[in-house]
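The values are calculated or read from the model by the stated rules, or taken from the named source; none is laboratory data. Just so it is clear, the structure is predicted and the values come from calculations on it, not from any experiment. Virtual Cβ from ideal backbone geometry, glycine too; neighbours counted across all protein chains shown. We work out accessible area using only protein heavy atoms, side chains counted, and drop any ligands, DNA or RNA first. Shrake-Rupley method; radii C 1.70, N 1.55, O 1.52, S 1.80 Å.
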Amino acid sequence: MNILILLGALFALLYAVARHQIPFRTLALITLFFLVIFTLAGGFSFFWGLVFWTAFLVPAVLFGLPHVRQQFLARPLLQRIRKILPPMSETERDAIEAGSVWWEAELFRGAPDWQLLKDYELPVLSDEERAFIEGPVEQLCAMIDDWDITHKRLDLPPEIWAFLKQHRFFGMIIPGHYGGLEFSAYGHSAVVTKISARSITAGVTVMVPNSLGPAELLLHYGTDEQKDYYLPRLADGREIPCFALTGPFAGSDAGAIPDHGVICMGEHEGKQVLGLRLNWEKRYITLGPVATVLGLAFKAFDPDGLIGDEEELGVTCALIPSDTPGVTIGKRHFPLNVAFQNGPNSGKDVFIPMEYIIGGQQNIGNGWRMLVESLSVGRGISLPAVGVAAGKASTRTTGAYAHVRKQFNTSIGKFEGVEEALARIGGMTYMMDAGRLLTLSALDSGEKPSVVTAILKYYNTEHMRQVVNDSMDIHGGRGICIGPANYIARAYQSIPVGITVEGANILTRSMIIFGQGAIRCHPYLMDEMQAAMMEDQSLAEDAFDKALRGHAEYFLTNFCRAFVYGISGSRLAPEPYPGRIGDYYQRLGQMSAAFAVCADLVLMILGGSFKRKEMLSGRFADALGYMFYASAALKKFDADGQPRNDLPLVEWSTKYCLHQVQMALDEILRNFPIKWLGVLVRHTIFPLGLNLRQPNDSLSHRVAALVIRPGGARDRLTAGIYNTDDPNDITGCLEDALHKVIKAEPIERRLRHDELEQHGLEDYPQWIERLKQSDQVSAEEADILLQARSATARVIKVDDFTTDEMTNKIGATKKAAPKKKTAKSSKKRAVKKKPAAK
């Protein structure tokens with residue numbers, strides 16, 4: 001009985017600590033009081049009394065007495081951290097400090113505040129944005145012939161280029177007083193989503209000028225003269241921008257770019273002025289072949305001390321007219337048959353005045369910080385929108401195709417193997433869209449959550465890969481035969497493009513998400529690192545001791561929380577909503593606490609060497625990323641008014657995410673730096689085992705059923721893409737066929753099985769005519785069946801070509817390859833003078 005009382009009291013204490021971060025001294029006093037009462041009441045034998053009192057006194061003395069803590073904990077730990085803490089380069093420091101910390105910190109720290117999540121307002125379109133999407137964007141989508149773009153022209157046709165400029169598609173992020181559209185992040189994302197679902201080439205062409213590039217950099221860092229000159233010209237398309245960062249010898253390691261500029265005197269517009277002489281070689285530059293102004297990142301040097309004492313000044317960004325003497329625009333790259341303009345450029349002894357530097361001379365050396373701060377916003381909009389576009393388009397087209405296409409007189413969408421893939425398409429599309437909307441709510445409220453945008457970029461493009469692969473599997477031969485009627489092949493081909501750009505996905509997962517998130521999101525890690533870098537020993541010890549005390553309380557709270565939530569099957573975790581949805585919040589709270597414990601222990605054990613443990617870092621990224629998506633799916637469901645028909649989608653998404661979090665933590669524990677400690681932690685945070693399961697077959701069946709039939713849930717899931725039921729449209733024929741086939745199905749079910757089998761022995765119209773003559777179907781019903789048959793034939797039709805057609809296209813492509821061109825003298829430019837920096 002005594003041991004039961006003891007265990008009950010201990011569990012009550014653990015629960016109190018789990019729900020409230022109790023200060024260490026208060027916790028020690030409560031524990032002391034309890035132990036004294038229990039000992040005086042004779043509740044302990046000598047052995048167990050010794051065990052419990054020792055377990056209490058050792059940490060109480062170590063952490064409770066300041067001079068003891070400093071002497072035996074803080075000082076030795078500080079010295080160890082100073083030895084193992086690797087030096088941090090300026091580029092690493094800028095990357096870590098860029099942007100802001102947002103909802104991801106709540107998930108990282110083990111106790112997400114669900115009220116905070118509920119209070120976030122998901123974005124809505126303004127009247128102007130909605131009118132633009134329903135007007136010019138809708139018109140643009142109707143104009144697009146992607147086969148003509150990607151196979152015949154290898155470029156957008158002139159009328160589409162003119163349309164984009166006329167309606168200021170390149171000025172979505174530019175304020176209205178400069179002639180731009182001044183759209184919100186959500187408006188920008190909505191435009192890119194709708195266009196990209198129709199054509200990746202058109203989507204990328206619109207996306208790039210509004211993403212990381214000259215306009216974004218000018219808005220935040222340019223001089224007034226630069227803004228006044230360039231922003232109106234960028235908004236109306238008089239200037240086509242690109243940004244040149246990646247080169248042959250520096251890709252992901254952008255801080256190692258060999259491109260350089262030396263400060264010197266040179267001639268500009270007939271005068272000797274102070275400037276830089278640049279040499280560079282860049283590649284993979286989107287819009288580079290057609291750009292009129294190049295954004296360029298390079299390292300600046302001042303060997304003669306013309307502007308100061310430092311020789312190496314750091315990464316710098318400049319805007320350079322493409323016809324400046326010495327600039328060479330190379331040939332085009334051809335990224336996987338996607339026809340957006342992309343290619344190399346270079347410069348040889350290109351002299352630019354100081355006024356070409358973004359922000360003027362005072363911004364020399366600030367380029368890397370400018371880039372990573374802009375990237376913390378831009379990568380949360382463009383590529384995630386492309387992922388959502390692929391998901392929504394795949395859901396709409398594949399669901400319709402799976403219903404229309406029949407084998408064994410049954411829609412293939414009702415085969416369980418196909419249902420499994422359809423459920424992934426629908427569930428992952430819901431996840432991607434939920435993550436996008438939650439992130440955009442942060443961006444539109446002024447946040448720059450660099451970790452969240454990295455998560456969104458990585459997982460939306462990876463889920464896009466899965467969704468499009470599943471779509472291709474369902475389409476089978478219809479999907480692999482490319483031609484004017486194929487609406488999936490170009491999206492399939494373009495998948496690696498999104499995976500590669502704006503931070504290669506492997507490095508984003510293994511180095512950036514958790515590597516940056518751990519330092520930014522942990523409440524005490526940054527303070528401890530800063531204390532370790534202090535030169536004054538006394539100040540360093542005091543600062544480190546303060547951070548260590550808070551860190552100890554933080555870890556103890558999460559340890560108790562993880563155990564209490566785990567042993568109770570998450571039932572003791574906070575529940576903001578009752579019922580089934582509330583269960584998912586509780587499970588997510590449990591996973592958050594388990595994540596916090598694992599992250600803290602690994603960081604404490606490995607210290608600075610953790611940056612080289614990329615596989616561990618990638619698993620932590622998976623856990624953090626899927627916690628974010630689970631919370632985003634729950635938020636979207638709540639913000640949508642919890643529509644009952646959407647319940648299968650949110651449940652599938654949340655179950656899938658929670659299972660992924662659990663498996664990521666399991667792999668972390670299997671590869672824990674100290675094996676025996678990993679076993680101990682496993683039994684603490686998963687005392688009931690790994691009991692979170694993937695979506696079951698019944699749930700997958702319900703999701704697939706939503707995808708293959710018209711309805712509110714399907715319409716909400718695919719909202720925001722171009723949709724038409726025009727039978728002559730590449731995707732409109734699917735919607736047309738879907739409605740006609742559904743209308744014909746009751747008639748087909750009424751017919752005898754042998755009648756359905758016999759029609760294979762005769763022409764389909766003849767069979768229908770015989771049924772009509774025998775009064776088995778009415779004239780109206782016969783017409784319905786014939787229309788469904790005709791519409792189905794149009795949907796399943798596959799393109800074919802003669803050998804001459806294919807050979808002529810190859811020859812035409814070779815002839816159309818653009819020639820290498822060298823920029824002419826800037827004296828021939830229509831605009832003679834460039835803005836001077838203040």
Return yes when residue 269 is touching a strand residue (DSSP E or B) at 6+ places or on another chain (Cβ under 6 Å), surrounded by fewer than 21 Cβ atoms within 10 Å (Cβ to Cβ) and either within 23 Å of residue 374 (Cβ to Cβ) or among the acidic types (Asp, Glu) (or both) and no when it is not. no
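Conditions (1) out of contact with any strand residue (DSSP E or B) (no Cβ under 7 Å at 6 or more places or on another chain); (2) more than 26 Å from residue 17 (Cβ to Cβ); (3) not in a helix (DSSP H, G or I), marked per residue:
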residue: 492; (1), (2), (3): yes, yes, no
residue: 503; (1), (2), (3): yes, yes, yes
residue: 528; (1), (2), (3): yes, no, no
residue: 548; (1), (2), (3): yes, no, no
residue: 562; (1), (2), (3): yes, no, no
residue: 565; (1), (2), (3): yes, no, no
Taking the stated definitions as given, is residue 543 among the aliphatic types (A, V, I, L, M) and touching a Leu at 6+ places or on another chain (Cβ under 6 Å)? no
Take the conditions closer than 25 Å to residue 505 by Cβ, touching a Leu at 6+ places or on another chain (Cβ under 9 Å) and modelled with pLDDT under 95 and apply them to residue 213. Does it pass? yes
Residue pairs qualifying under the 7 Å Cβ cut-off, at least six apart or on distinct chains, with the first in segment 607-630 being assigned to a helix (DSSP H, G or I) and of a type in the set (Ser, Thr, Tyr) and the second being at pLDDT 95 or above and open to solvent by 10 Å² or more (accessible area, probe 1.4 Å), are 626/660
Sort out which residues of segment 772-829 are in contact with a Gly (Cβ under 9 Å, 6 or more places away or on another chain), part of a loop (DSSP other than H, G, I, E, B) and either modelled with pLDDT under 75 or among the charged types (D, E, K, R) (or both), and write them in order of number. 799, 800, 818, 820, 823
Of all residues in segment 224-239, how many are in a loop (DSSP other than H, G, I, E, B) and either open to solvent by less than 10 Å² (accessible area, probe 1.4 Å) or modelled with pLDDT under 95 (or both)? 2
Are there any helices (runs of 4 or more DSSP H) wholly within segment 641-753 with 1 or more residues that are of a type in the set (D, E, K, R) and open to solvent by less than 20 Å² (accessible area, probe 1.4 Å), and if so which? 647-670, 712-717, 732-750
Over segment 7-53, the set of residues more than 26 Å from residue 572 (Cα to Cα) and open to solvent by 70 Å² or more (accessible area, probe 1.4 Å) is 37, 40, 41, 46, 47, 48, 50
Just give me the residues in segment 440-460 being farther than 15 Å from residue 513 by Cα and assigned to a helix (DSSP H, G or I), in sequence order. 440, 441, 442, 443, 444
When every residue in segment 65-95 that is small (Gly, Ala, Ser) and modelled with pLDDT under 75 is compared, the one least open to solvent (accessible area, probe 1.4 Å) is 95
Is it true that some residue in segment 571-591 is in contact (Cβ under 8 Å) with a residue 24 or more places away in the chain, of a type in the set (Gly, Ala, Ser) and more than 19 Å from residue 110 (Cα to Cα)? no
The listed residue being surrounded by fewer than 21 Cβ atoms within 10 Å (Cβ to Cβ), of a type in the set (Ser, Thr, Tyr) and more than 21 Å from residue 619 (Cα to Cα), out of 445, 471: 445
Test of understanding: among 187, 180, 171, 135, which residue is at negative phi and free of Cβ contacts under 8 Å to residues at least 12 places away in the same chain? 135
